[in-house]
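Everything on this sheet refers to the single structure shown next.
The values are calculated or read from the model by the stated rules, or taken from the named source; none is laboratory data. Bear in mind that the values here come from a model prediction, so they are computed numbers and not experimental data. Positions of Cβ are backbone-derived with ideal geometry, glycine not excepted, and every protein chain shown enters the neighbour counts. In case anyone asks, the SASA skips ligands and DNA or RNA and just uses the protein heavy atoms, side chains included. Shrake-Rupley method; radii C 1.70, N 1.55, O 1.52, S 1.80 Å.
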Amino acid sequence: MLIDPLSFFVGFITASIFWWLMAKARPMWAEMREGLKDRQEVVQARKTSSVEENHRRITLRRAQGMHLAAPLFALDEILQEPLLIAPPQIVDPGSPQPSEDVISQTLPYLPAWPEIAAAYYAPTFTLSQAISGNANIVIIGQPGTGKTVALAHLASLAANRSEQLTGALQDMVPFLVHVADLNLPISDPKNALAPIINAAAEHAPLLDLNRLPVFFENTFKSGAALLLVDGFDEIPSEAQQAVTDYFKALIKGYPKTRIVTTGAPEYLDGLISLGFAPLALMTWSALQSDKFIEHWGNLWSQTVEMETWAQTGSEKIDPLILNTWLKSSNANLSPLELTLKTWGAYAGDILGPHVLEVIATHIRRIVPANTPLAALETLAMQMMLSAQPVFDPRKARDWVKSFESPDEKTESESAPETTEDAKPKKVKKNERVIVPTTSSGVIGKMAASGLLIAYPNNKMRFSHSVFAAYLAGRALTNYNADETLLKQPDWSGKYLTMRYLAAQGDVSNLVQALLEFSSMPMQRPLFAAARWLRDAPRNAPWRGKLFGALASILQTESLPLNLRGQAMAAFVFSNDPSALALFRQLSTMPSFELVQLAVLGSGAARDSKSVEVLTRAIDAPSLSVRRAVCMALVSIGTNESLEVVAHTLLNGDEDIRRAAAEALANDPQEGYAMLRDGITISDILLRRSVVYGLGRVNEPWANEILQKVQIEDDQWVVRNAATEVLDANANAGMNAPRKLKAPSESPWLVEFAAKQGMGISPGTPATDILLQGLKSEDVNIRLAVLPYLKYTPSENVIAEMYSVMYSDDMELREAAFNILWELSAAGVKLPNPVQYGYN
């Protein structure tokens, strides 16, 4: 076949021109593709941004209503900023350890009894500081201490992109849910976001429903999600396990997710092993309580009193008189109890000053009209006896059916009923589900009043566990249900119900059983019962047994200070006058640790009669006792007690001067004035001590003085102290909980293993090496291995921890006890130390 030269030449030229043009156009095509991709990303970002902003707005609105006084005020209007007690710092050998103030050095770490930390203004974290580390957090506290408010406040900060959240935290997206919102357990662990998406769909705009899955997936995958889960503290262990299993699946699929949940100090099943750091919520100090009362009064006069309905009724009482009465009778009240008491006083409907009367006032205020109290009590009792804090309203209807009127019964019986065995209706993807709620009968009235809260999938709960337990306790006074309660697995609702039963009936048999169950090393049943003392009648026959058991622990020398401190805290919390006499007596004993605890107890209880005894104790050979005396005298706050501390600041040795100055920082009146004057005196040691005291004053004026001293003081030791204090305050957030590095990635542990002729393989717990470290001569190594060992709580590990807990080294002893406390709270069954030879 012959090739036509002309055709070949023309074809060659044409092809060359074509490919030349294509080569020239390639950048243009690439630019067009990039432009199209950018436009798609912009469109997607615009859609996501719209969904995100709607989600933030809805979350903020919900969070602002998640508090007891929501019918009156938004959360930000009435909020006292939640604070978390700073736990003992984890030791990292080779790294400089942050300095501790006198309060941290003297006060036992009592996460289950934050009332003592509040009395002495122990170091704290703000919520934003607490999450600035990389660890997931469980906020622990007794019912009514404000855990839900803390989550709502954190959600509000994140939703508003608050400046209090620094760095990447400011752009985090909050996802605020209650455990009752989550339909658990999940059927497909790979679809771990489904329960949260479904919960969010209940509140999202209709147009956002189709875009929620993509928004959630992108947010959680990028690490911008802040998941806030309320209610973990309210449910029994079986339900807690379902939640922790869900957390595990979520963390596996989205490892960058940050989670903050709530917990009871004694019941954290499954959370510790997932790496959650327990942080105790600080109760309100006396100053915070007074500030809250005054703030409530101002808001009430500016808003509530202006309402038409408030213009009628009984004659108004002068707010000054109300505030004086409220401030004089709020010892050891929780934030919930103080809120109810203040509300009742200003509303004029309070039934009486006792805690039980305060709670009854609020329940009467919100209970539906013509609803018998016995119906509420029966519902709460059945809920508690069946250990179902999140219950099925269909079952609840049967529980209270006998209290319904004939008309209500007819309505209930004619309402559509869904059996538990019925197959659920198939729902199309992204279709909004209309949740059927019980709108008739007694249950419907309770839900409409706000006493009950309805959730998807036929779930309900009381608006607060305290209300449920109070009502259940009242009902149980007419029944003999002790054995039923005792047979229940331990959970917060069980002991809270017993607490209100003890306040209204005879629980001698319960107390006897709990004392028999209580054993070392944690004595959990005993300390649970100790919280009953405050509200129970003073002539209750079982009080003596409890006080005797607590006194025994308080005076046993071989026990950790953190355990004995709980007994001291229980005496303080009881508000019993005999406790004050006991503290005064024990303050004269020859045991320094016992005297330290007794002195701290006297100060926390503000026993003015103890000033003379404490003044003598300030000359004790033990520095810990002398520090405790300074703290206690300032807490008592009389002229006589403050004069003793002032004399000590002026004339004591260097150590006790610093203790006096730091203790005076707890008194905003006389204490602040003494510190202001002290920084101007020529005595070098005095000025240096005052610098440390000013470092504990969280006020702008104190910071200004320290900055001035840092530059202008003529003595370098004073300037250096000011620099140290300012740096410590500026870096307070650096001490937030962080995840432990893997053993194979921890330099100090790798170095220690190498010295033993061993290596650490990635992905292994290195338990053998850690146990060797527990026997090291280096105290810092021994302290550093303890947090690692809680992830492998075998019998051998626990035995070795006991050997440390019963050692002579106080720092090691307390650190080991704290780890064992976490294990116990996490559900690990700790054997009695007696079987290892410790009596």
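Suppose all protein chains stay in the model; what accessible area per residue would a 1.4 Å probe give for segment 154-249, in Å²?
40
Could you give me the ³J(HN,Hα) list for segment 611-627, computed from phi with Karplus coefficients 6.51, -1.76, 1.60 and θ = phi - 60°, whole Hz, x at Gly and Pro?
Per-residue couplings from phi come out as 4, 5, 5, 5, 4, 5, 6, 5, 9, 5, x, 7, 5, 4, 5, 5, 4 Hz.
How long are the semi-axes of the equivalent ellipsoid of segment 543-665, taking √(5λ) for every eigenvalue λ of the Cα gyration tensor, in whole Å from largest down?
25, 15, 11
Between residue 328 and residue 808, what is the spin-label point distance in nm, taking each point 7 Å from the Cα along the Cα→C-beta axis?
Result for the modelled spin labels: 5.3 nm.
Counting other Cβ atoms within 10 Å, which GluC sites (Glu not before Pro) in segment 162-249 have at most 16 and lie in a DSSP loop?
163, 202
Per residue, how much accessible area does segment 635-794 show when a 1.4 Å probe rolls over the protein heavy atoms, in square angstrom?
50
With r defined as the distance between the Cβ atoms of residue 61 and residue 838 and R0 fixed at 51 Å, what FRET efficiency is calculated, to the nearest 0.05?
Efficiency, from the Cβ-Cβ distance: 0.40.
Across 10 Å bins from the origin, how do the percents of Cα pairs in segment 711-839 run, short distances first?
Using 10 Å bins, I get a P(r) of 11, 33, 28, 16, 9, 3, 0 for segment 711-839.
How much solvent-accessible surface does residue 806 expose, in Å² to the nearest 10, with a 1.4 Å probe and all protein chains in place?
50
Determine, from the Cβ-Cβ distance of residue 727 and residue 349 and an R0 of 41 Å, the FRET efficiency 1/(1 + (r/R0)^6), rounded to the nearest 0.05. Present the calculation step by step, with values, prior to reporting the outcome.
On the way: r = 52 Å, r/R0 = 1.27.
The computed FRET efficiency comes out at 0.20.
For a quick protection proxy, order the peptides 165-172, 488-495 by their average other-Cβ count within 10 Å, most packed first.
Values: 165-172: 14.6, 488-495: 20.2.
Most protected by this proxy first, the peptides run 488-495, 165-172.
For residue 222 and residue 517 in one chain, what is 0.36 nm times their gap in residues minus the Cα-Cα distance, to one decimal in nm?
Length gained, residue 222 through residue 517: 101.4 nm.
From the P(r) of the chain, could you give the percentage of C-alpha pairs in the tail past 47 Å?
28
Once Rh for segment 243-303 is found with the Kirkwood sum over Cα pairs, what is the Stokes-Einstein diffusion coefficient at 4 °C and 1.567 mPa s, in µm²/s?
So the translational diffusion coefficient is about 87 µm²/s.
Accessible area per residue of segment 260-384 at 1.4 Å probe, in Å²?
Heavy-atom accessible area per residue stands at 41 Å².
Residues with beta-carbon under 11 Å from that of residue 143, excluding residue 143: net charge, scoring Lys, Arg +1 and Asp, Glu -1? If you can, show how the numbers build up before the last one.
Working: positive: 147, 499, 531; negative: 233, 234, 337.
Net of charged neighbours comes to 0.
Only sites in a loop by DSSP and with at most 16 other Cβ atoms within 10 Å count here; which trypsin sites (Lys or Arg not before Pro) in segment 251-290 make the cut? Provide the component values of the computation, followed by the final result.
Values: sites: 252, 256, 258; in loops: 256.
The qualifying sites are 256.
What number comes out for the charge environment of residue 692, summing +1 per Lys or Arg and -1 per Asp or Glu over other residues with Cβ under 15 Å away?
On the way: positive: 627, 657, 658, 676, 687, 688, 696, 719; negative: 100, 101, 653, 654, 655, 662, 683, 713, 724, 727.
Cβ neighbours under 15 Å give a net charge of -2.
Using DSSP to call loops (not H, G, I, E or B), can you name the GluC sites (Glu not before Pro) in segment 718-817 whose Cβ has at most 11 other Cβ atoms within 10 angstrom?
Counting only loop positions with at most 11 other Cβ atoms within 10 Å, the GluC sites (Glu not before Pro) in segment 718-817 are 777.
For segment 82-231, just the Cα set please: Rg and Dmax, both in angstrom.
Cα radius of gyration and Dmax of segment 82-231 are 18.5, 58 Å respectively.
At 222 nm, what helix-only mean residue ellipticity would the chain give, in deg cm²/dmol to the nearest 500, using -39500 (n - 2.57) for each DSSP H run of four or more?
Taking each H run of at least 4 residues, the total per residue is -17000 deg cm²/dmol.
Heavy atoms of the protein only, probe of 1.4 Å, neighbouring chains included. What is the accessible area of residue 734 in Å², nearest 10?
120
Given a 1.4 Å probe and every protein chain left where it sits, what share in percent of the accessible area of the chain is carbon and sulfur?
54
Multiply the residue gap between residue 650 and residue 134 by 0.36 nm, knock off their C-alpha separation, and tell me the result in nm, one decimal place.
In short, 181.4 nm is gained.
What percent antiparallel are the DSSP beta bridges of the chain, to the nearest 5?
On the way: 10 of 28 bridges.
Percentage antiparallel, nearest 5: 35.
At a probe radius of 1.4 Å, what is the per-residue accessible area of residue 153, in Å² to the nearest 10?
Answer for residue 153: close to 10 Å² accessible.
Place a label point 7 angstrom from the Cα of residue 187 along the Cα-to-Cβ direction, then list the residues of segment 244-264 whose backbone nitrogen is under 20 Å away.
245-247, 249-250
Once fully extended, how much extra length lies between residue 585 and residue 640, figured as 0.36 nm per residue of separation less the alpha-carbon to alpha-carbon distance?
Result for the pair: 17.8 nm of gain on full extension.
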